[in-house]
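Worksheet for the structure shown next.
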Amino acid sequence: MNRKVVSFVSCWLATVVLPLPGASADEFRTPSISAMRVEWRGVLDQLRLEINARPAIAPGFTFASQRRVPASDPRSLPALVQLNAVTSQIFPGIARSPIPVLLPFDTANYLEARQDGAPASLSVARYQADFRPADVFHAGGSGYDAVFSLEPGAGDGMPPRTFAKPVEVQISGSVLVYDLADRLAGKGEPVKALAGTFPDLRRFIREGYVRYAFTRFGIPYVVSIQCLDSVPRPKRLACREAYPVAERFLKALRVTGGQPSRPRNDITSDVAERPAAASSDFTYRPSGDIIAGSGARKQGGHADVTVYSQIRFPLEQAPAFAHSQSFAKRKAGAPVDEYPWQDNFCEARSFEVGQCASGYGHQGQDVRPGACPVDSKDGCDPRQQAVVAVRDSIVIRSQQQQAATLQVNTRTEHIRFRYMHMNPTVMDGDGLLNGRRVAEGEKIGVVSNYLDHPNGTSRHLHFDVQVFTRDGWIWVNPYITLVSAYERLIRGRGREIGPEPPAAAAVAHALPDDVMRNIDTQEGGGN
């Protein structure tokens, strides 16, 4: 066979998605999630050491249970109840966490200072290794998440840095860990300076973050900072500049709260519910069936039939279309927006995506609303098509950021949903900022075309999903989650078609070259 033909056929086969063993072609699955067990006696021993280091405040804590109660009852660990009462004034809701909350907060020092007459207005940063008061603290049914910042020049003994903005540090701990087929999982290098405190600590750079993963009291925790593995720049944090900030944070971690709850069971994968009635027009290509040749390094997509969460569709109204906004196939006379939908999770970008074979990809899915009907009588405005919250959730977003993340933390889920391309100034004005609670279906913006500036991309919504793992928050393919949500929105089951034959695989850029270059150089996901 001709060598060019063999190469062409091999490239096409790389995009073909094979069904999972024992699964029908149109069967979707729920995620598999492992539940951890907390070693609460170890927590109590650690807290006792921290409190006893300040003899003046130690008598205020009771470390022996005064009654026979189940181990899952908070009264079995009265010292933790007392601790939560103190720290909840600074970290509201901390007692909701079913795992030990580790934060860079020295409770013993704080209590001793208050006992000695220090005013309540004294800056919390002095008890937090000079990190500012938490930008985000959210405890829920699965664990907790927090974001702290270190200002330029703050912190005794810190090396000078080029990056001119505060460095944001995230920490997450979870009793639930999503089970992914993850070829990159568990990698990293030890940090000698911290090995005595964190014996299993590993440091690694993944998907645009330097991450420090460790296990404490039977629970996985990950500390992470978004950075570039490059030379330091005033507007872009280099990972080498992030290392000392993260390690200062880790050295300052203390038991700050949390309390026992009923043990969890592992959540096994099952068949996802879908509408029984068939849709008359909704069709979609298989997960992983990206436009031929559009993958990074000419690799194919990542097939994943998981519905990671039962979400409300992120656009308020149908019709909506999931298609690439950076590559497109065009047929003479064909409309831009048409069924079938097509996955573009692993489409070529400069962003690291561990789930994609090439190691790079798009991180999410492009979705755009349908055009307003010509005879529309309901005031449809193509520039005001609403974007809504997919779940009851907490917002993670600082001012001027062009991405808004919604986080769900319940007894059965620990998951994030990110929205992009809405105007940051408008989001700031609407109060879509750190800690805001939003309700499922609540309008949080409109479909726009912002990418560092207005008109930076086509008018669409970039939507992606992250789940908590032992490597921290990992991007997973949201395509089938969106297909499932759209089916519920239109109350009809879609029909899978494809994969696309190679004869129709001509690829063309749908956006101008300057916009494509802009997309490929965005920090944290231009998408």
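The values are calculated or read from the model by the stated rules, or taken from the named source; none is laboratory data. Keep in mind that what you see is a predicted model, and the values were worked out from it rather than measured. Cβ: placed from backbone, ideal geometry, glycine included. Neighbour counts: every protein chain shown.
Across segment 152-204, what is the number of residues that are farther than 30 Å from residue 306 by Cβ and of a type in the set (D, E, K, R)?
Total satisfying the criteria: 5.
Within segment 423-449, take every residue that is among the polar types (S, T, N, Q) and over 18 Å from the mean Cα position of the chain (by Cα) and give me the one that is nearest to residue 135 (Cα to Cα).
425
State yes or no: is residue 434 over 20 Å from residue 306 (Cβ atoms), of a type in the set (S, T, N, Q) and touching a residue at least 12 places away in the same chain (Cβ under 8 Å)?
On the way: over 20 Å from residue 306 (Cβ atoms): yes; of a type in the set (S, T, N, Q): yes; touching a residue at least 12 places away in the same chain (Cβ under 8 Å): yes.
It is true that residue 434 is over 20 Å from residue 306 (Cβ atoms), of a type in the set (S, T, N, Q) and touching a residue at least 12 places away in the same chain (Cβ under 8 Å).
Specify the residue that is surrounded by the fewest Cβ atoms within 10 Å (Cβ to Cβ); the eligible residues are those in segment 137-160 that are in a strand (DSSP E or B) and out of contact with any Asp or Glu (no Cβ under 9 Å at 6 or more places or on another chain).
First, pick out the residues of segment 137-160 that are in a strand (DSSP E or B): 137-139, 143-150.
Now narrow it down to the ones that are out of contact with any Asp or Glu (no Cβ under 9 Å at 6 or more places or on another chain): 143-145.
On the way: 143: 27, 144: 29, 145: 24.
Checking each candidate, the answer is 145.
Look through segment 281-303, keep the residues that are charged (D, E, K, R) and surrounded by fewer than 22 Cβ atoms within 10 Å (Cβ to Cβ), and return whichever of them is farthest from residue 346 (Cα to Cα).
281
Would you pick out the residues in segment 324-345 that are more than 16 Å from residue 281 (Cα to Cα) and modelled with pLDDT of 80 or more?
Our first condition is that a residue be more than 16 Å from residue 281 (Cα to Cα); within segment 324-345, this holds for 324-334, 336, 343-345.
Listed by number, the residues that qualify are 324, 325, 326, 327, 343, 344, 345.
Within the group 322, 303, 348, 242, which residue is on the phi < 0 side of the Ramachandran plot, in the same structural domain as residue 87 (by TED's automatic domain parsing) and within 26 Å of the chain's Cα centre (by Cα)?
Details: 322 fails: in the same structural domain as residue 87 (by TED's automatic domain parsing); 303 fails: in the same structural domain as residue 87 (by TED's automatic domain parsing); 348 fails: in the same structural domain as residue 87 (by TED's automatic domain parsing).
The match here is 242.
I'd like to check something: does segment 216-234 contain any residue that is surrounded by fewer than 17 Cβ atoms within 10 Å (Cβ to Cβ) and within 21 Å of residue 355 (Cα to Cα)?
Yes, that holds for at least one residue.
Just need a number here: residues in segment 395-427 that are farther than 20 Å from residue 476 by Cα and part of a strand (DSSP E or B).
0
Yes or no: residue 149 modelled with pLDDT of 95 or more, within 27 Å of residue 302 (Cα to Cα) and of a type in the set (Gly, Ala, Ser)?
Considered against the rule, which asks whether it is modelled with pLDDT of 95 or more, within 27 Å of residue 302 (Cα to Cα) and of a type in the set (Gly, Ala, Ser), residue 149 comes out as no.
Determine whether residue 134 is in contact with a helix residue (DSSP H, G or I) (Cβ under 9 Å, 6 or more places away or on another chain), outside any loop (DSSP other than H, G, I, E, B), among the small types (Gly, Ala, Ser) and crowded, with 16+ Cβ neighbours inside 10 Å. Talk me through it step by step, then tell me what you get.
Working: in contact with a helix residue (DSSP H, G or I) (Cβ under 9 Å, 6 or more places away or on another chain): yes; outside any loop (DSSP other than H, G, I, E, B): no; among the small types (Gly, Ala, Ser): yes; crowded, with 16+ Cβ neighbours inside 10 Å: yes.
When the stated conditions are applied, residue 134 does not pass them.
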